[in-house]
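The structure under discussion appears below in the form of structure tokens.
The values are calculated or read from the model by the stated rules, or taken from the named source; none is laboratory data. It should be emphasised that the depicted structure is a prediction, and the values quoted were computed from it without experimental measurement. Glycine gets a Cβ as well: all are built from the backbone with ideal geometry, and neighbour counts include every protein chain shown. Heavy atoms of the whole protein, side chains included, go into the accessibility calculation; ligands, DNA and RNA do not. Shrake-Rupley method; radii C 1.70, N 1.55, O 1.52, S 1.80 Å.
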Amino acid sequence: MKKFTFLLLLVITILSCKDTRKEIPKIDSGFTNYISGFTTGVISVNSNISIRLMAEVSESLREEIIDQELFEFKPLIKGSIVWVDKRTIEFRPEEILTPGTIYNGKFHLSKLLDVPKHLKSLEFQFQTMQQAVFMNFEGLKSIDEESLQWQQLKGSLKTADYADMESVEKILEAFQNKKSLKINWSHGNKGKTHEFSVDSIFRSEQKEEILLKWNGKIIGSEDRGEEIIDIPPLGDFKLMNLQVTQQPDQFVSLYFSDPVNRNQDLRGLIYLESGESVKLEINGSQVKVYTTVRLQGTHTLIVDEALRNSLDYGLVDGYKRDIVFTSINPDVSLIGDGIILPGSNGLIFPFKAVNLRAVNVKIIKIFEKNVAQFFQVNQYSGNREMSRVGRIILKKEIALISDKAIDYGNWNIFSLDLSNFIETEPGAIYNVSITFNRSQSLYHCPGEINDEDELIPYKEDRELNGYDGPSGGYYYYDYENYVWRDRDDPCTDSYFIYKKNNNDATRNVLASDLGIIAKGGNGTDLFIAVTNLLSAEPMSGVRVEVYNYQNQLMVEKVTDNKGMVNIPLDRKPFLLVAKQGSQRGYLRLDDGSALSMSMFNVGGNKNIRGVKGFLYGERGVWRPGDSLYLTFILEDKNKTLPENHPVRFELYTPENQLYLKK
């Protein structure tokens, strides 16, 4: 996916990179008159390099310069130029970029526009993610629960960045008795998650081994290794592997050599020595042991030798393993998905948090006059190009306190009253995001002491400068301290860097009491209904304005005493704005924002002459001898037919023979 970094706010994605930092080019502020955004920061290896201009370029000029060498890169990148729209030009590489590499680019603006000499070329820099490989093996599984000779090994290969499917499939090899085994692949998560299964593993009367070897060199990763997995002899029912999952649910996965007998009661056969209640789930040769309450610390898991396989053989030996359970990783999450906050009792913004003593709150105000520009590139929940339409009005650390005694180690609901921090402006939209850092964590790490009384202030960073101009907006997070493998470990800095730059706890909110419904028919008119979100009463006297994509007013009308208005249209609308006093409401009218009707037959018939009818009965099926009660409704909006005009009714048999005419 391409990434824009705008001259007024350069947002950088953090991933581990080689220690090859170079001096970042300084951007002349004069470029803001011609260029609104460009690709920079840390990007994926399959990204395109984009330049977004301030003004639209005519079609003739776009066709004229398409073959010119507008881009220059070091190291060299081969590719082609494509106009995405009237203002955005992309350089699309022929091949994926080299991982972990800093590229210096030049965009020759003078070949496109007449600019001053010192703005002849824009020099910019971007860096590709450092690739990494992580292997996970689940355990052996019998293909047939009756015959245990043929086994299958499942697992997953995860990469830090996009990796080509064909290349990924060359990373892993599997051997049994020096014979290569077939590996089946399934790819997902935008080329970052690759699940595999090693088939045709033969299980004999003797102990066997599988050799798994992997080498990430083909995708630019330095990770390599090998693992030997034992295949027990037939009749040797034993525990092969054990994995503990801490997030989001807490459970232990037990992988056995044979399918577990589904008919036996596992209570008393698999349990925790401490007596804590568990829930057991059988899936072939895998048994999942779920904790009914979240546990912490070391607990002993016992598997009794009386456990039976699908052929009713017992375990060769019982097992007793110490399992370390950890608390929930520090995190925040939003509640619900609404963006409109009616102003009854302040502006309450609820969220959930766990293992945190405080959070960082950032609010960006999208000004009313820029709302149409915001919707040009965003849906209601979007946050692209924020520095072009808004400004940071609050960055503050908020302590998480409660009047009641709560367990911070579990998810708790908190809320912010935004009216205590900001004075809302009619028509403005506010982007609220909640993040956290390591100093705010209550997660206990070995050898680390959490001082619950001391909070490190939320330091100002260079992000604020990015809203004033291009010179101070380019900055990196501490990416050299980021290790991709540690992104899920809350005892490392990498976890908090990853969470901050993959923040899902962000939402746009609009303080408004206006609820808007718009219905479009065949394109000739638009039906609008406006109600009060607090009382559900229709709102009369609301001024409804309809704009096109270029933010030009198409039509303006006022709702009647039923809160409704019908607006005739001759062109496609883009945005609806409802106004009453200080209240504002917005509704995108493009096809992509409409509710899906794909599950319903809404085709109907287009009424050419303004007259249409509908025939219905009191039921859908009639048996021989039943009476038929039918009703006909005629719609004649244009009054083309005289009163009491007759309607001819014909009834046909299933053989299509005319039976009755009236």
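Only strands (runs of 3 or more DSSP E) whose full extent lies in the range 577-662 are considered here, and the ones with at least 3 residues that are at pLDDT below 90 are 611-617, 630-636.
Kindly evaluate K22 against the criterion of being assigned to a loop (DSSP other than H, G, I, E, B) and modelled with pLDDT of 50 or more. Taking the combined requirement at face value, the residue satisfies it. So, of the residues in the range 323-344 that are closer than 18 Å to S535 by Cα and exposed (fewer than 13 other Cβ atoms within 10 Å of the Cβ), which turns out to be modelled with the lowest pLDDT? Here the answer is S344. If you go through the range 283-309 and keep only what is among the hydrophobic types (A, V, I, L, M, F, W, C), under 16 Å from Q243 (Cβ atoms) and without any contact (Cβ under 8 Å) to a residue 40 or more places away in the chain, you end up with V287, V289. Picking from residues in the range 502-519 that are of a type in the set (G, A, S) and either open to solvent by 40 Å² or more (accessible area, probe 1.4 Å) or in a strand (DSSP E or B) (or both), the one that is farthest from V544 (Cα to Cα) is A511.
Strands (runs of 3 or more DSSP E) fully within the range 326-424 that include at least 2 residues being touching a Ser or Thr at 6+ places or on another chain (Cβ under 7 Å): 348-354, 358-366. Restricting the range 618-662 to residues that are open to solvent by 80 Å² or more (accessible area, probe 1.4 Å) and of a type in the set (A, V, I, L, M) leaves a set whose member that is farthest from the chain's Cα centre (by Cα) is L658.
In this structure, does S16 turn out to be surrounded by 19 or more Cβ atoms within 10 Å (Cβ to Cβ), hydroxyl-bearing (S, T, Y), at pLDDT below 85 and not in a strand (DSSP E or B)? Yes, satisfied. If you check V611, V558, which single one turns out to be of a type in the set (A, V, I, L, M) and under 45 Å from the mean Cα position of the chain (by Cα)? Sole residue among the options that is of a type in the set (A, V, I, L, M) and under 45 Å from the mean Cα position of the chain (by Cα): V558. For the range 345-361, the set of residues classified as crowded, with 19+ Cβ neighbours inside 10 Å and not aromatic (F, W, Y) consists of L347, A353, V354, N355, L356, R357, A358, V359, V361, listed by residue number. Restricting attention to the range 42-56, the residues that are in contact with a Lys or Arg (Cβ under 7 Å, 6 or more places away or on another chain) and open to solvent by less than 10 Å² (accessible area, probe 1.4 Å) total 4. At least 1 residues being open to solvent by 50 Å² or more (accessible area, probe 1.4 Å) and within 30 Å of L61 (Cβ to Cβ) is the threshold, and among the strands (runs of 3 or more DSSP E) wholly inside the range 107-226 those reaching it are 122-128. The single condition among (1) over 30 Å from Y443 (Cα atoms); (2) touching a residue at least 60 places away in the same chain (Cβ under 8 Å) that D560 does not satisfy is (2). Among the residues of the range 400-407, none qualifies, meaning not one is within 30 Å of P573 (Cβ to Cβ) and open to solvent by 70 Å² or more (accessible area, probe 1.4 Å).
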